[in-house]
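This report refers to the structure that appears directly beneath it.
The values are calculated or read from the model by the stated rules, or taken from the named source; none is laboratory data. These numbers were taken from a predicted model, which means no experiment stands behind them. No Cβ is skipped: glycine too gets one built from the backbone with ideal geometry, and neighbour counts run over all protein chains shown.
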Amino acid sequence: MLEGVRARLWALARRLRRLERRELDAFLRWIERTGNLLHLSVLVFVPLLIAAVTWLANASAAVSFLLFPPLASGTYTLFADPEGTYATPSTFVGGMTVGALCGWLALALATTAGFNGGSGVSASGAALGVFFTGVCTWALDLEEPAAFSTSLLVLLTGNAQLAYVLGIIVSSTFVSVTFVIWRRHFYEQRARYLYGTTTGDDHVLVPMGDADETVARFAAAIAGAHDAGKVVLFDVVDETDAEQRDDTDDGHGKSTSVERAAGNVARQLESLSADLETTYDVPCEAVVAAAPDQSASLVLRTARQQNCDLVVTPYDEHESGGLSSFIRGLFDSEIDVIVFRSNGTRRRRWRNSLVAVRGAGDTARAMVDFAIRVTEAGRAVTVSTCIDDESRRRTAESALADLVDAFSGRFETHVAAASVETYLTRVAPRYDVCFVGSSTDRSAASRFVSPPTFRKLSDLESDVAIVHRGRHR
């Protein structure tokens with residue numbers, strides 16, 4: 001009975017660990033989206049920074065609580081839009097400081113002219129403060145909404161205008177320094193910290209079978225972009241076929257026939273491996289297995305044994321026009337997959353790349369990363385999306401900007417008001433390879449109404465790489 005309880009407890013613990021991993025994976029995928037990352041940063045950093053300034057205000061009478069409203073709104077503007085017009089330290093600190101100085105000057109002029117108007121806040125001082133702030137921020141290119149808040153709030157400080165201005169300078173400088181550190185060392189490096197493909201997909205398995213060398217070379221170009229890259233060429237020897245082909249009899253029978261056939265295949269793979277190592281400066285191995293066929297389960301098992309996190313396989317189409325059961329089997333795993341279809345050019349290098357995306361999600365980021373790896377150094381990667389209505393152009397442009405902003409390198413972004421197949425058919429001849437998503441993240445109903453893009457692109461005049469992100473557990 002005790003053993004049974006212990007077994008149930010172990011089973012419960014395993015389920016809880018799997019649930020924890022799934023929840024962590026779901027959170028990581030959620031935070032990979034730039035909009036979600038910015039919202040989370042706002043929720044974390046704005047309260048912490050305001051808390052730090054509050055502590056400073058409590059510790060020193062020189063810091064006025066009247067600086068909190070413009071400081072909070074300005075801090076939100078920084079972290080919510082780190083690439084925006086106002087997201088620079090000079091604009092943030094300068095705008096708030098200039099606003100406070102303009103309000104102080106306006107109050108002094110109104111007082112000197114006798115326009116204070118009694119015990120209330122000076123209306124003329126408020127008008128002059130806003131006017132001066134508008135003129136100065138415009139002339140100094142410091143147009144910032146928070147500047148108008150500091151300009152007006154200084155009117156409520158009584159005789160502590162100097163302390164208020166100094167408090168604005170100190171607190172805004174503290175916030176801007178924190179923002180610059182966050183943006184430079186985390187936000188601009190988020191591809192390295194958050195996006196799986198930029199730190200993974202280094203060990204690439206290539207199921208050779210009937211594949212030509214172009215598939216292996218494409219895999220080597222991807223793996224060779226990282227120092228930890230490795231390529232594993234994998235092929236299968238059919239035992240029955242080996243026996244039928246081997247007409248010699250040396251007394252050892254079946255095992256010798258299979259070994260001889262495996263040796264022949266291995267020598268061919270090793271010859272290609274040596275070429276790949278020399279051309280792409282990446283370690284390359286050859287693995288041969290004896291099996292009736294090269295099934296998806298065998299390829300995935302070999303990938304796990306070889307510690308590979310990416311499979312690059314040649315395009316294989318079902319008679320009905322969809323992907324073969326072999327490729328669909330590869331898609332049903334935790335390992336990333338690229339289905340590569342050569343247009344017959346047998347390229348050794350890919351000078352330029354086109355990435356066709358539907359949004360700024362996980363698969364789109366993986367496609368951009370792979371395109372950067374294979375594209376010739378110094379050339380821009382083109383990232384495009386298609387819209388069916390001009391009203392969506394601004395949203396699409398923003399999504400592409402968020403997508404490419406996380407990566408270093410040169411990019412061109414295109415938003416086309418056309419169907420995907422029409423656009424790609426028109427522009428594909430300008431590129432060596434076109435990256436598209438596998439559409440496996442779409443709903444069944446969506447795929448039924450609009451078949452996956454790659455089924456419509458059989459006549460593209462470029463190589464095509466269909467990218468599928470594995471079901472990470």
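Can you tell me which residue within segment 432-441, out of those that are surrounded by fewer than 23 Cβ atoms within 10 Å (Cβ to Cβ) and in contact (Cβ under 8 Å) with a residue 60 or more places away in the chain, is nearest to Ile338 (Cα to Cα)?
The residue in question is Ser438.
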Out of Val337, Val404, which single residue is within 21 Å of the chain's Cα centre (by Cα) and within 29 Å of Leu300 (Cβ to Cβ)? Val337
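Restricting attention to segment 353-400, which residues are of a type in the set (Lys, Arg) and free of Cβ contacts under 8 Å to residues at least 60 places away in the same chain? Walk me through it before giving the result.
Residues of segment 353-400 of a type in the set (Lys, Arg): 358, 365, 373, 379, 392-394.
Answer for segment 353-400, where residues must be of a type in the set (Lys, Arg) and free of Cβ contacts under 8 Å to residues at least 60 places away in the same chain: Arg379, Arg392, Arg393, Arg394.
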So, first residue closer than 19 Å to Ala366 by Cα in segment 289-316, second residue modelled with pLDDT under 90 and among the acidic types (Asp, Glu), Cβ within less than 6 Å, six or more apart or across chains; the pairs are Asp309/Asp201; Leu310/Asp201
Test for Pro429: is it under 22 Å from Arg341 (Cα atoms), surrounded by fewer than 21 Cβ atoms within 10 Å (Cβ to Cβ) and at pLDDT 85 or above: yes
Within segment 366-406, restricting attention to residues that are in contact with an Asp or Glu (Cβ under 7 Å, 6 or more places away or on another chain) and not aliphatic (A, V, I, L, M), which residue is nearest to Thr425 (Cα to Cα)? Thr382
Any residue in segment 456-472 that is part of a loop (DSSP other than H, G, I, E, B), at pLDDT 85 or above, within 21 Å of the chain's Cα centre (by Cα) and more than 29 Å from Gly84 (Cβ to Cβ)? yes
Go through (1) more than 29 Å from Phe45 (Cα to Cα); (2) at pLDDT 75 or above; (3) not charged (D, E, K, R) for Gly118 and report which single condition fails. (2)
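Which of the residues spanning segment 89-115 are aromatic (Phe, Trp, Tyr) and surrounded by 21 or more Cβ atoms within 10 Å (Cβ to Cβ)? Give the derivation first.
Step one: filter segment 89-115 for residues aromatic (Phe, Trp, Tyr), giving 92, 104, 115.
Answer for segment 89-115, where residues must be aromatic (Phe, Trp, Tyr) and surrounded by 21 or more Cβ atoms within 10 Å (Cβ to Cβ): Phe92, Trp104.
Give segment 271-303 a look and list any residue that's polar (S, T, N, Q) and over 33 Å from the mean Cα position of the chain (by Cα), or say none.
Step one: list which residues in segment 271-303 are polar (S, T, N, Q), which gives 271, 273, 278-279, 294-295, 297, 302.
Listed by number, the list holds a single entry, Ser271.
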